[in-house]
Structure formats: structure tokens, C-alpha cells
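The structure appears below as C-alpha cells.
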Amino acid sequence: MGSKNLAGISLIVMAAGFVVCLFLPENAWTFVILGGFEAGLVGGLADWFAVTALFRHPLGIPIPHTSLLLKNKGRIVDSLVSAMENELLNKESITRQLSRLNLVHGVAGIVTRSMARKRTRQQILDYASEAIAKLPLEKAVEPVREAAAGYVRGVDAAGLADRALTKVLNDGYEIQLFDCALGEARRWASLPSTKDTMGALALEQLSNAKVGGFTGFAFQAFAGMVNEDKLGSMIQTMLMAGIDSLLDPYGEQRIAILREIRVKLFEAAGDEEKLEYVRGQVLEILQEESTALFIRENLEKLRQFALAKTAEERANGGRMVFRVYAALLRNLASEPERIEEWESKARGTLVRLAEENHYRIGQLVRDNVDRMDDQQLVEMLEEKIGKDLQWIRVNGAVCGFLVGIVLSAIQLI
């Protein structure tokens, strides 16, 4: 049974008791009981009037000093806002509570528990894959090219050349390159087609040579003794012998050529004009359309590589994600000063936001109340405190009944 119905029943009981007592034989007991019901009826009606007057006009009659909540709505809201801003949720209490928070550790704990779940790690990888797939690589081409051009313009060409030359000489790259060139030359010289080509060229030159006198006679006699195949074999043998002599690590010609190569490299590394020329050539190459296409293709290869690695990691349950997160966490744990600095900044930010927006608490309450019409406000208040108010009516009827009995008894005595 609801308290509202109970309050109404208490009034009915008092009224019914009062009416019944009017028809009972007159005696002391009837007098006392009649006084109790009469006082209970008066008390119940008085409390009904008082409770109703809080919310509306009783029976719809605009009796003065009724519908108190609606008439004093502004003052009630002001009092509520003042209580919340200055007592319940004042700046000092909010600041004090925020200053006690351990934000970094709290957030780290939440994230760690979340990262321990396989599903969370896979979702992170899904988001990463989606972001990688949507990257506008065509927009990245120009920044990459500009970054490369900026690096080329700003690089110390002489210093870079000196370091590169030192690396080349220390690791013997000039020897390896020289041997590689000689190896390719020897392979080409040993081909049958090379012998035929060289023989044909030599014979043609002998036939076209014009030498007079005894030397010319001897020259023509030699040309008549050899043919294309013999000339090709002789030249091929000489070429291979020359190359083999250059491949000899201790050959004088090899040592002399390598020495000359090193001298030329040192001269090139110290030639500012040539270095600037190379810089200009590189900048021109960077501005070519083929370079943009090259950058775009390699960016796409990089994207496909990243997507493949992300898919592979997702299939493994995202273990790498957790390992990376754990490594970051361990790195942070080794720097307590940095954590404390972040903690201090985070608390300071929250406190500042609370101080700057404290007025919004009251504003929020006021806006919410103003958005409600009178009927909604009354219904809300009756829903929240109506039960206790109805018990006031019940208590008024019961207390009036008991007081009426006492007063009737005193009157009888």
C-alpha cells in the first residue's frame, strides 16, 4: 500500500470514527473516543492542507501563502546553488580531493589491465591497420622530397665526402670495386664473341693502314700472314694477360693504378666546385617526376610491409604490442622524477580546470531547473520527498487522535 493511499485512509478512518461516535449512546467512553476522532480528523486535515500548500493551491483555491515551492522557486534554486558552490562542492574541497589523486599510476593500472587482454591488443592493431591503409601517401611525396632536398642543401658536402672517403679507404671498397671491374673485363675478354669482334676490328685497321717505305712493306707482309681469327686470338690473349697482371695483388701496375685512384678520390673530396656541382645535380634529380614516382612506389611498399607485419602480429595475439607497452612502462618506472613531474602537471591541470569551471556547477543546476515547467518540478519533488510528506499526514491524524483522547479525558475529569 502506498504512503499516499495510507494518508487518505487515515483521514477516512478518522472521519468515519467521528461520524459513528455521533450515533453512539452518550457516556464517558463515547465522549473520550469522539474527542480523539475529532482531533485526529482536524490534525489530518491540517497536515493535508500544509503538505498540499507546499506544492500547489489546496483544492485549486489561490489561498494566500500556498503553492510555496513555485512561488519561491527562484530563492530555492539560489539557495541550492549557493549550498552546492559554497558548502557541498566548494573550490577548496574539490581542489583538496584532486590534489590527492595519483593520476599517472591510476591510468597506468587501467591501461595495463586492458593491455593484458588479447582482444584489446587486437583492436589496437585493427585501428593501426585501418589508419595505415588510409594514409594519403600521395600527399606525403612532396614533403619527403622537400625534406630530402633540404637535407642536401644543408649538408656539409666536404665533411660528408671526407667521411665517405675515409669509410671507403678503411674498408677497402676502392679495391673491391677495382677487382670487380677487372673481373667483369676478364669475363668479357674471354668470350668467343669478343675474340671475333677484336679480330675483325684489327684486320680492318691493318687493311686500311697507309704506311710507306720499308716499314710499309713489312707491315703489309705481316697483314698478309695473319687472318681475323689469329688477330682475335692474339689480342684476346694480350687482354687477358694484362688483366691478370692487374689482378695480381703485388703487381706494380696494379699498385700504381690504385695509388692514382686514391689520389683522384682525395682530389675529388677536396674539390668544392665539383662537390657543389654534385649537390646541384642531386637537387635537379630530386625535382624530376621520376623521383616523385620512385618515392611514391617506395612509400607504398613500406605501407604494404607495415600492413603485413600488423596482420602477422594480430594473428599472434598482439604480443609485440604488449612487449612494446611493457618496455615503455619499465622505461618510465626507471625515471620516477619524470613520473612525478607528469603527476604534478596533471593534478595542476585538473585543479586549474576545476577552479576555472567551478561556476558551471551552479549554472548546470540552475539550467536544469529552469528547463523544467512548474508541473514537472512539482512531480519531481513529490516523487523524491512525497513519501515522507504523506507520512506527516498520517502522523498528524494519529497524533491528533491521541491528543484528542487526552484532552477529552482531561475535560471529562
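The values are calculated or read from the model by the stated rules, or taken from the named source; none is laboratory data. The structure displayed is predicted, hence computed values, not measured ones. Please note: Cβ atoms are built from the backbone with ideal geometry, for glycine as well, and neighbour counts cover all protein chains shown.
Only a single item in (1) in contact (Cβ under 8 Å) with a residue 24 or more places away in the chain; (2) in contact with a Gly (Cβ under 8 Å, 6 or more places away or on another chain) is not met by LEU286, and it is number (2). Whether any residue in segment 326-334 is surrounded by fewer than 13 Cβ atoms within 10 Å (Cβ to Cβ), modelled with pLDDT under 65 and of a type in the set (Ser, Thr, Tyr) is what I want to check. Checked segment 326-334: no residue is surrounded by fewer than 13 Cβ atoms within 10 Å (Cβ to Cβ), modelled with pLDDT under 65 and of a type in the set (Ser, Thr, Tyr). Is it the case that LEU307 is outside the structural domain of ALA116 (by TED's automatic domain parsing), under 20 Å from the mean Cα position of the chain (by Cα) and in a helix (DSSP H, G or I)? It is true that LEU307 is outside the structural domain of ALA116 (by TED's automatic domain parsing), under 20 Å from the mean Cα position of the chain (by Cα) and in a helix (DSSP H, G or I).
Contact map, segment 296-321: residues that are closer than 30 Å to GLU146 by Cβ paired with residues that are among the small types (Gly, Ala, Ser) and part of a helix (DSSP H, G or I), Cβ distance under 8 Å, separation 6+ or inter-chain. Pairs shown: LEU299/ALA140; ARG303/ALA133; LEU307/SER129; LEU307/ALA133; THR310/ALA128; THR310/SER129.
Per-residue answers, yes or no, for (1) at pLDDT 65 or above; (2) assigned to a helix (DSSP H, G or I); (3) loosely packed, with under 13 Cβ neighbours inside 10 Å:
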site	(1), (2), (3)
ALA53	no, yes, no
ARG75	yes, yes, yes
ARG113	yes, yes, yes
GLU142	yes, yes, yes
ALA149	yes, yes, no
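For first residues located in segment 101-116 and assigned by TED's automatic domain parsing to the domain that holds ALA333, partners that are modelled with pLDDT of 80 or more and of a type in the set (Val, Ile, Thr) and lie 6+ apart or on another chain with Cβ distances below 7 Å form the pairs SER114/THR120. Residue pairs whose Cβ atoms lie under 8 Å apart, separated by 6 or more positions or on different chains, with the first residue in segment 16-29 and without any contact (Cβ under 8 Å) to a residue 24 or more places away in the chain and surrounded by 13 or more Cβ atoms within 10 Å (Cβ to Cβ) and the second among the hydroxyl-bearing types (Ser, Thr, Tyr) and part of a helix (DSSP H, G or I), are CYS21/THR30. Screening TYR277 on (1) modelled with pLDDT of 85 or more; (2) loosely packed, with under 14 Cβ neighbours inside 10 Å; (3) of a type outside the set (Asp, Glu) shows it passes everything except condition (1).
Scanning segment 286-305 for residues that are out of contact with any Lys or Arg (no Cβ under 7 Å at 6 or more places or on another chain) and surrounded by 14 or more Cβ atoms within 10 Å (Cβ to Cβ), we see that the one that is farthest from LEU165 (Cα to Cα) is ARG303.
Just one of the listed residues (GLU260, GLU267, GLU297, GLU276) is outside the structural domain of GLU142 (by TED's automatic domain parsing) and assigned to a helix (DSSP H, G or I), namely GLU297.
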